[in-house]
Each structure stands twice: as C-alpha cells, then as structure tokens.
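Here is the structure we will look at, set down as structure tokens.
The values are calculated or read from the model by the stated rules, or taken from the named source; none is laboratory data. Every value quoted in this text rests on a predicted model; they were computed, and no experiment measured them. Counting neighbours? That spans all protein chains shown, and the Cβs are built from the backbone with ideal geometry, glycine included. Accessible surface is based on the protein model in full, side chains and every heavy atom, while ligands, DNA and RNA are left aside. Shrake-Rupley method; radii C 1.70, N 1.55, O 1.52, S 1.80 Å.
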Amino acid sequence: MSALHLMRAVRIPAHSTRLLRPAARPCHVPRRPVSGGPRYVRFGAESPGGGGPGKGSAWDVRRWDTAHKVWAGVGAFVVGYYVSHLEQVPETGRWRFMDISPKYEAMLAEASHQQLLQEFKGKVLPPNHPLTRHVRRVTTRILEASNLGTLDAPDVQRPKGTDEFWSFTGNPDELPPEVGGAKKWDLFVVNDDRVVNAMAAYGNIVVFTGILPVAKDENGLAAILGHEIGHAVARHASERYSQMKVLIALALLLDWVGIPFSSYAVALLYDLPNSRTQEFEADKIGMRLSSRACFDPEAVPEMFLRLGKLEQSMGGRHIDFLTTHPASEKRSKALREMLPEAYAIQAASPACASTRDHMAAFRDTWLGGLNPDRMSEVQWGI
C-alpha cells in the first residue's frame, strides 16, 4: 500500500476532537495618530477641558499679579497667626483666640483702676459702711474659697473726700490676679441706686447699690459676684481686646472682596454671639465659685429669674439674638440643670466641710439632741 493510501486509511478518533481549538481571529488594534495628544495628564497640568489647577486656571500662581500675591501672602499669615494663638479656657475647655502680652495686660489693669477712681470719684461708699461690709464679706468668701486671692485691705482711718481714696499703690508692671499676679483685688461699692449692675475685670470689682435689691440676700449677692468674678477669671476682657484684631482683619477682607464693610453685620455674625458665649461661660464659672464658697447654688437661677422680672417690669423688650446678654429665663434654665454639679462641688469643698462641722458642734452643744424643728422646747437656762 502506498503512503498516500495509508494516510487516507488512518482515521482520527471522535474523542480526540476535544483537543482541537478553533483558529484565533485576528484582532484589529487601532493605531494612535503620531500627532495626537499625550496619553495621560500629569498632576498640576492643565486638562484638555481647560479646568484644574494647572496653567491657565485661576489657581495658577504664575498668572497672579503682584496685588493677588500680596493678598494671598497676607491671608496665609493671618490664618497662621490666628491658629497659633488659639487656646482653651481652663475652666470650660472652650477654644478662643487670645493675643495679648502679660506686660500689656498689666498696663490695662493699671489704666482700668485709675479710670475707675476718676469715674466714681465721690460716689464710692467708705469701707466701714454697712453695705460695703456686706459686699466685702461675700466677696472675701468667694475669693478665698477658690484660692483666687484676697481683697486689698482698705484704710478705714482715711478721711472721706480725699482724692487718693483707695488709690493704686502696686507696681505698674504687676500682673492682675486673674493672670497670675499678686492676688490682691480692689472693691468699689458705688452709691447709685439707678444702676442695676456689677462688674469685675483686672483685679477690680465694682458693685452698684442698685443691684442689691435684686440680690435680696447674701446667697443672691454671691450669685451676682460669682458671675462677675467668673468674667475676670476667664479673662474675658482680654479676650474682647483680642477679638478686635479679628474684627479689623474681617473688615479688611470684606473690603478686598468688594463687600462694603458693615459694623452691624459684623456685630450680628461675630461680636454678639461671642458676647453671649462669654455670658453663659461666666454663669457656669460663677455658679461653681459661689457653690465652693458654701452659698446656696439654687440662689443662682432664682436670682436670674428675679432679674428677668425686673426687665419686664421696666418695659424693656428683650430680643435674645440682638443683645449681648442671653435671656434671663434661658440662663436660669441652663443654671438649674447645673444644680447637681454645684451641690457636688459644695459637698467636696473644704470650706463647706468646716462649716458643717461648726454647725454640728453647735447642735450637739446647745440643742442637746433635741429636734431642730422644735426649737421652742430648748431651755436656754438664762
């Protein structure tokens, strides 16, 4: 048999057809034109659509003129300066911008004291006046209970009407007590029943006699003084001074972008909200101060309710958003929620513990085990 017949006679088994594969179809790959654009866009390069931060966009620094570069540098400096001067209020943890040197703060303290001496000349009650002693007693308890210092001892023998009455005798470079200086505070009880107010800053405490009927008693006066001393402890006066720099920078920025500067808009958006924040903060700090001094914590929200009723009786319409002080009812509600914390502070205060021990000794000595609610049964033996 020839070779040709032998090859025709050989047959491939059926099961072997599984090993056969169809021939691959030719794949057509389109050629990229030689004169076409780049395969990818580098980071920072301009996209084909014209957008992005590359050359030709508004963010391309190479296209900026000198004025834009100057303002961009100023803006970067302002942001960096602001962030680097942020700090937390130790008593509450709130972040704030604080930009004031200790030396300048000492100068503000002395200037503030001298201004008070001139402004209230002839109106300050003498140290031996009953109202002065009343305010002084409450103030001393608050300051000493929180280790904030003491009131400067007045010269009771100094004749009335002298120009040097309670004049400042400290070192001008001395820091105010709320920023680590000598812990000496000055008290001014101003005889003016028309002013329902009190204030404290840079070691000076001012109480107008018009606030005393609202205080009603020592507990109410402690609520007022605690709030005002809370402003001083939190250094709100220095914070307000620092905020002025932010307002100036904001005004310049608005002028640069073409928006007319409006003091009312800045006050609504920045100044007033910060003022209300400081007031709430002083409320909280003041309640802690008065509670640590063993005054009744519940007297704090009650005092603000009386203050709110006084505002209503005077016909003053209180709009919370347009005022620096929050509504008295809102403050009273917030302070009432703090009562458990205030009572815990009072229970942990060493000063209150000694007061409880003193009262317990009085009860054991004089009452002899009798019920205090039945005092008529006590035989004093006189």
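Just one of the listed residues (Ile229, Ile205, Ile211, Ile224) is open to solvent by less than 30 Å² (accessible area, probe 1.4 Å), free of Cβ contacts under 8 Å to residues at least 24 places away in the same chain, outside any loop (DSSP other than H, G, I, E, B) and β-branched (Val, Ile, Thr), namely Ile211.
Could you go through the range 280-302 and let me know if any residue there is at pLDDT below 90, assigned to a helix (DSSP H, G or I) and surrounded by fewer than 20 Cβ atoms within 10 Å (Cβ to Cβ). Taking every residue of the range 280-302 in turn, none turns out to be at pLDDT below 90, assigned to a helix (DSSP H, G or I) and surrounded by fewer than 20 Cβ atoms within 10 Å (Cβ to Cβ). Set side by side, the residues Ala145, Ala153 differ, and just one is modelled with pLDDT under 95 and surrounded by 12 or more Cβ atoms within 10 Å (Cβ to Cβ), which is Ala145. Could you please find all residues in the range 238-254 being open to solvent by 40 Å² or more (accessible area, probe 1.4 Å) and in contact with a strand residue (DSSP E or B) (Cβ under 9 Å, 6 or more places away or on another chain)? If the condition is that a residue be open to solvent by 40 Å² or more (accessible area, probe 1.4 Å) and in contact with a strand residue (DSSP E or B) (Cβ under 9 Å, 6 or more places away or on another chain), then Lys245 is the only one that fits. Every test in (1) aliphatic (A, V, I, L, M); (2) modelled with pLDDT of 95 or more; (3) out of contact with any strand residue (DSSP E or B) (no Cβ under 6 Å at 6 or more places or on another chain) is passed by Val196 save one, and that test is (2). Scanning the range 94-117 for residues that are open to solvent by 40 Å² or more (accessible area, probe 1.4 Å), charged (D, E, K, R) and either in a loop (DSSP other than H, G, I, E, B) or touching a Phe, Trp or Tyr at 6+ places or on another chain (Cβ under 9 Å) (or both) returns Arg94, Glu110. There is no residue in the range 232-245 that is among the aliphatic types (A, V, I, L, M), in a helix (DSSP H, G or I) and over 25 Å from the mean Cα position of the chain (by Cα).
Taken as a whole, the condition of being in a helix (DSSP H, G or I), under 20 Å from the mean Cα position of the chain (by Cα) and at pLDDT below 95 applies to Tyr82.
Restricting the first member to the range 338-365 and to residues that are within 27 Å of Asp283 (Cβ to Cβ), and the second to residues that are modelled with pLDDT of 90 or more and loosely packed, with under 12 Cβ neighbours inside 10 Å, the beta-carbon pairs closer than 9 Å and six or more apart or on different chains are Ala353/Ala347.
Checking every residue in the range 118-135 against the condition of being among the polar types (S, T, N, Q), touching a residue at least 24 places away in the same chain (Cβ under 8 Å), open to solvent by 30 Å² or more (accessible area, probe 1.4 Å) and assigned to a loop (DSSP other than H, G, I, E, B) gives at least one match.
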